[in-house]
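The values are calculated or read from the model by the stated rules, or taken from the named source; none is laboratory data. Since this is a predicted model, take the numbers as computed values, not measurements. In this analysis, Cβ positions are derived from the backbone assuming ideal geometry, glycine residues included, and neighbour counts consider all displayed protein chains.
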């Protein structure tokens, strides 16, 4: 197993990082049923963390029914497929426990049946919601893509920057139904996710309105680019290089506290900004940009899924929803 990397700089408890890492190895088959885990002392020495932290992680894995502790022998993987008889027996025992508890509370079988049916209907409604994670390398595209997906019915969207996933891959939990990303990042995600079929590759393009406004910039224009991240700014810079002629394009600058907006705008006849400018710019910068837009060209830019990607994603989400409600 392992070796596991525990990062003390993450805002995730050390024991939870270890639980997530071992659980991931069990799900992926790296740790098969019956595999023995290192002793608490051995793993504490290997990772350089306290024995109590290792013990807490092992206790949590035992509560999750992923490992079992055998007195005098050690800790072993006991994860079994979802259709195994023992899991069915556990489910029946759990139901019996709930029924006994409700009977002890004085409810009749008819009342218990009503309660169970009500909860089953509520759970069915919850299950019909498709949980989708969106992973992108810059906050602007991530926000724009997430907003597009939120317009779909019965879709719950979770947004992650690629750098965040690289720091802690276990954020992409097993409960997710789909992970949406561009082809550029799909290979990395395939290397960390046990179920590659959950990954949906899509293509992004600059919106037609944004491209149209850029193409119309007259020769001799002086063009600036303001962005939240230089990665997004670089995308806009390359687009301008492609779609403009005899336009002076300045390197992108970020919308942060160090920005001298008045100095940046001086001499510019046009400026590109993210579509959700208000999310990233301070009130003073927004005021200066509005004043600039009154006499010059301010182009809001957004990236969107191309039509083929959107249709593909709709179909994939529809199939997932159908499987969940059967």
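Checking residue 266 against (1) more than 19 Å from residue 209 (Cα to Cα); (2) touching a residue at least 40 places away in the same chain (Cβ under 8 Å); (3) out of contact with any helix residue (DSSP H, G or I) (no Cβ under 7 Å at 6 or more places or on another chain), which single condition isn't satisfied?
It fails just one condition, (2).
Being touching a strand residue (DSSP E or B) at 6+ places or on another chain (Cβ under 6 Å) and either crowded, with 19+ Cβ neighbours inside 10 Å or assigned to a helix (DSSP H, G or I) (or both) narrows it down to one residue among 135, 211; which is it?
It is 135.
What is the one condition in (1) in a strand (DSSP E or B); (2) free of Cβ contacts under 8 Å to residues at least 40 places away in the same chain that residue 179 does not satisfy?
Looking at each condition in turn, residue 179 falls short on (2).
Against the definition (without any contact (Cβ under 8 Å) to a residue 24 or more places away in the chain, surrounded by 11 or more Cβ atoms within 10 Å (Cβ to Cβ) and in a helix (DSSP H, G or I)), how does residue 15 come out, yes or no?
Criteria not met by residue 15.
Checking the structure you have, find out if any residue of the range 25-33 is modelled with pLDDT of 90 or more, buried (at least 17 other Cβ atoms within 10 Å of the Cβ) and under 21 Å from the mean Cα position of the chain (by Cα).
Checked the range 25-33: no residue is modelled with pLDDT of 90 or more, buried (at least 17 other Cβ atoms within 10 Å of the Cβ) and under 21 Å from the mean Cα position of the chain (by Cα).
Can you tell me which residue in the range 147-162 is nearest to residue 190 (Cα to Cα), limited to those that are modelled with pLDDT under 95 and assigned to a helix (DSSP H, G or I)?
Going through the qualifying residues, I end up with 149.
With within 30 Å of residue 315 (Cα to Cα), surrounded by 13 or more Cβ atoms within 10 Å (Cβ to Cβ), free of Cβ contacts under 8 Å to residues at least 40 places away in the same chain and touching a strand residue (DSSP E or B) at 6+ places or on another chain (Cβ under 7 Å) as the only criterion, which of 192, 199 stands out?
Of 192, 199, the one residue that is within 30 Å of residue 315 (Cα to Cα), surrounded by 13 or more Cβ atoms within 10 Å (Cβ to Cβ), free of Cβ contacts under 8 Å to residues at least 40 places away in the same chain and touching a strand residue (DSSP E or B) at 6+ places or on another chain (Cβ under 7 Å) is 199.
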